[in-house]
Every structure is written in structure tokens, then in C-alpha cells.
Amino acid sequence: MERAEMIPSTPETATRAFFSFPKVTDPARHRDYNAWHQLDHRPENLALPGVVHGDRWVRTPACERLGSYPDPALAGSQYLAMYWFAEPAADSIGEWKDLGDRAIHQGRRPELAWTERPMTRMFRPVRGYVAPRALVTLAALPFRPHRGVYAEVSRVETSPHPDVADLSRFEHETQVPDLLARDGVAGVWTFRSAPSRGNPDGPVTRIRLTYLEADPVEFARDLAADPLPAPPATLASTATPLLTGPLAAITPWEWDWFDEPAATGRGAGS
């Protein structure tokens, strides 16, 4: 079957993004996992013409202490990975999945024996914002160097509901401007999962990523001391929080966050 012509895409024009929340089940394999992902798996993904961009972050012990994890499955995840896909998204995602399958048969997926992924899902970008101080375009925001992200993952039980629309409006009109005005924030992207075909009005997972120039641990501390405006009481139960907290950007070969005594450190890279 002939592949459709690739349409030049950026994160601003992408209609699909993949999110994964991996957990390394063997504490002794964190360095192995990061070496595999950063030096083998991720470069092959980024080399695909249909992958616009990809990134990953780590929930260090210092980050974990400042987060909230109501969902038991996501509570154990230590990493967050994402990829943006070019149009036509179906072709780009198909080639990306084929790469993953080929890697298995090439013996290049050693991590399968000691990792779990409690959430791996395709999402649709909803809206993106750039803080005025960042200067770059929205298309460039994910490429701009940053020190980490503040991730907020939640679930709504039914998407086509007035309360969901009202909550989303409050978030975009009140909370996001508050975030963009804070020191150390470069921008914000929001995402939603696509409802299942069998239950189109069913639950939807939502993600808000705040890109940080600030140390993510320090940002989380400041946010805890000065929280975002809370939604009106009538909307308080519209979305169920699943995971909220900071994650640090990953520097190649600096993978000691879960080593002792590094795991007792105080900074984002601890």
C-alpha cells in the first residue's frame, strides 16, 4: 500500500501525541533503562520522518516527594515519555509501531523484562501557550531547552458534558494565564485522550504539561505555597486527579537519581 505524502508538521499542527508512564521494576536497572532509551530507542524514533519531536522526563525521588498520585497504577511510574506525530498521523503512527516491532525481533528491547507501562496512550493536543518571556513560537516550544515539566493528569467520566466544558474554560481562562505569569514557566500544552469507539461518550484522560525554565522541584515548592486558583465548588468533582507533580529533564549519561546516596539528595537531578 502506497504511503500518503508526508505533510510538514510541527507540534502546533500535530493532531496526535503519544504518552507513556514507564516504571522500572528492578531498582538495579535504571541506568540500563536510560542507556537503552536515550542511546538506542529514542534516536531511532526521532529519525522517523513521521515523528515531529519526542521528549522524556524523570520523576526523581525529590520530584516524587512533591507530587500527588491518587491513581495507584501511575503512582509507581518513574518516567514520562512523549512523541508528537506528523500528518497523516495514521501513517506516521503505523511506521512508528512497526519500528517498535522490528526492534523486538532485532533483540533491541531488553527493557521489556524489567519495565511496566501502566499508561500508554495516544492523545490529541488541545491547546498550547507560550509565556511572553520565552519569545519562541508555539511550534518551537517543545524544542526549546527546559529543565523539566509540571504534569497534571486527570480523568473526566464523560466528555460531552456541560461541566467538562465549564471546567475546561476555567482552566484555560484562569489557571493557564496564572501559570504563564509565574517565574520559570516557558509555556503550557494541554491534551486529551480520544474516547473509545465502543464508548464514544466514555471517560477521557486529560494532561496538562507546564514547561519549566525553573528547577522543577523549586517550582513545585513555590506552587504548593501559592496554589493555582481553584475551580468553582460546583466543578470541583468534574475531573478526578490521577497524577500531579514535577518531573526533571534528562541529561545523557547523568542517570544517578535512584543510586544511593543520590536518591536522598534535594535537587531535581537527585
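The values are calculated or read from the model by the stated rules, or taken from the named source; none is laboratory data. Fair warning: this is a prediction, and the values are worked out from it, not measured in the lab. So basically every Cβ, Gly included, is an ideal-geometry build from the backbone, and we count neighbours across all protein chains shown.
Here is how the numbers come out for the structure above:
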read-out: Those residues of the stretch 214-243 which are charged (D, E, K, R) and under 20 Å from residue 61 (Cα atoms), in sequence order; value: 215, 218, 221, 222
read-out: Residue list for the stretch 71-116, restricted to those being touching a helix residue (DSSP H, G or I) at 6+ places or on another chain (Cβ under 9 Å) and of a type in the set (S, T, N, Q); value: 78, 115
read-out: Residues of the stretch 155-194 that turn out to be among the aliphatic types (A, V, I, L, M) and either over 23 Å from residue 132 (Cβ atoms) or modelled with pLDDT under 95 (or both), as a count; value: 5
read-out: Every pair of residues 6+ apart whose Cβ atoms lie under 7 Å, when the first sits in the stretch 161-182 and is more than 19 Å from residue 240 (Cβ to Cβ) while the second is crowded, with 16+ Cβ neighbours inside 10 Å and at pLDDT 95 or above; value: 176/129; 176/188; 179/185; 179/188; 179/210; 180/129; 180/131; 180/188
read-out: Tally of residues being under 18 Å from residue 82 (Cβ atoms) and either modelled with pLDDT under 95 or assigned to a helix (DSSP H, G or I) (or both) across the stretch 50-67; value: 1
read-out: Count - residues of the stretch 9-24 that are under 15 Å from residue 94 (Cα atoms) and surrounded by fewer than 20 Cβ atoms within 10 Å (Cβ to Cβ); value: 2
read-out: Filter pass, residue 53 being out of contact with any Pro (no Cβ under 6 Å at 6 or more places or on another chain) and within 22 Å of residue 251 (Cβ to Cβ); value: no
read-out: Hey, residue 139 over 17 Å from residue 15 (Cα atoms), surrounded by fewer than 19 Cβ atoms within 10 Å (Cβ to Cβ) and of a type in the set (Gly, Ala, Ser) or not; value: no
read-out: Residue in the stretch 58-79 that is surrounded by 20 or more Cβ atoms within 10 Å (Cβ to Cβ), farther than 30 Å from residue 222 by Cα and either within 16 Å of the chain's Cα centre (by Cα) or not hydroxyl-bearing (Ser, Thr, Tyr) (or both) present; value: no
read-out: Within the stretch 112-129, considering residues that are among the aliphatic types (A, V, I, L, M) and assigned to a strand (DSSP E or B), the one farthest from the chain's Cα centre (by Cα); value: 126
read-out: Residue within the stretch 38-46 that is assigned to a strand (DSSP E or B) and in contact with a helix residue (DSSP H, G or I) (Cβ under 8 Å, 6 or more places away or on another chain) present; value: no
